[in-house]
Amino acid sequence: MAGPTTAERQKKKSGPPRPPRVRRPALRRLPRSRTLIVILVLLVLLGAGGVWVLYGSQLLRLEHVKASGTEVLTPREVREAADAPVGAPLISVDTEAVEDRLRSKLPRIDSVDVVRSWPHGIGLKVTERKPVLLIEKGGKFVEVDAKGVRFATVDQAPKAVPRLELAPDRESGAASLRRFGTDRLLREAVRVAGDLPPTVAGATRTVKVRSFDAISLELSGGRTVAWGSGEKGRTKAGTLIALMKAAPKASHFDVSVPTAPASSGS
């Protein structure tokens with residue numbers, strides 16, 4: 001019996017016939033330049049819409065101003081001094097200008113943080129200056145903070161704030177005034193007041209400055225403290241506390257040389 005012919009062998013190797021390929025119609029694509037133009041137009045429209053919402057619409061307008069952190073000042077005083085443009089677009093409010101107005105009109109303010117509160121508010125977070133010394137002048141009292149800033153004049157002396165007494169003696173005190181000036185002596189007194197421990201600060205009635213190196217304290221109960229200069233204030237404060245505990249009935253304490261403190265009287 002004869003074997004398969006050459007044509008039959010080739011047909012067997014090639015397998016069954018493949019179905020004809022069906023060509024799909026090619027998708028129509030926009031030119032690249034036209035796609036970029038469409039994207040740019042969309043971005044411009046979105047940007048214009050955002051600008052209109054922020055500046056032109058009534059959706060994000062300033063409607064209320066809130067002040068916080070006040071102690072002596074009232075929130076109303078702070079709001080009026082801020083003079084924020086109610087009704088203006090919230091995004092257009094110049095927060096730095098508001099801060100400058102508050103510091104200029106209300107020197108009692110030490111720092112202020114102006115914060116936008118979306119969608120309709122402004123928050124004024126205020127920190128007031130605290131007096132550490134009082135200067136009596138014409139029956140009123142000038143408040144001085146820990147930075148030496150004279151920030152307010154009040155009719156009544158705040159409680160637990162010592163008064164400053166500049167009482168230079170004839171020799172060293174006069175020399176100190178000529179050399180350092182009143183403002184420098186005031187800063188030294190402020191420095192001493194800022195270094196006092198809370199228990200001593202609350203009992204201090206007067207900080208007396210006779211010269212740059214001769215500052216003393218008058219406490220309640222007729223007690224006095226020779227402090228010396230404003231240097232080594234923290235060390236002197238700790239020494240004074242220990243000295244008061246060791247001699248609770250003493251009426252005079254000397255910490256001008258903190259390594260050799262002394263007390264006397266009873």
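Values quoted throughout were computed directly from the atomic coordinates according to the rules given, and no laboratory measurement underlies them. For clarity, every value in this text was computed on a predicted model and none was experimentally measured. Note that we place each Cβ from the backbone using ideal geometry, even for glycine, and neighbour counts take in every protein chain shown.
Side notes on the structure shown:
- Highest mean packing comes first when the peptides 228-234, 213-219 are listed by Cβ atoms within 10 Å, giving 213-219, 228-234.
- For the pair Thr206 and Arg34, label points projected 7 Å from Cα toward Cβ lie 9.5 nm apart.
- Förster radius 35 Å - calculated FRET efficiency between Ser104 and Arg187, Cβ distance, rounded to 0.05: 0.90
- Label sites at Ile91 and Gln156, each approximated as a point 7 angstrom past Cα along Cα to Cβ, lie 5.0 nm apart.
- The stretch between Thr199 and Ser264 holds 21.4 nm of extra length on full extension. This uses 0.36 nm per residue minus the Cα-Cα distance.
- Amide H contacts under 5 Å for Ile109: Arg129, restricted to partners 5 or more places along the chain or on a different chain, H placed in the peptide plane at 1.01 Å from N.
- Point-to-point label distance, Trp118-Lys130, nm (Cα→Cβ direction, 7 Å offset): 3.6
- For Ser229, residues with placed amide H under 5 Å, excluding near neighbours: Ile215
- Pairs of lysines in region 131-264 (C-alpha under 29 Å apart; 8 or more residues apart or interchain): 22
- Selection of trypsin sites (Lys or Arg not before Pro), region 55-162, meeting DSSP coil and at most 16 other Cβ within 10 Å: Lys147, Lys159
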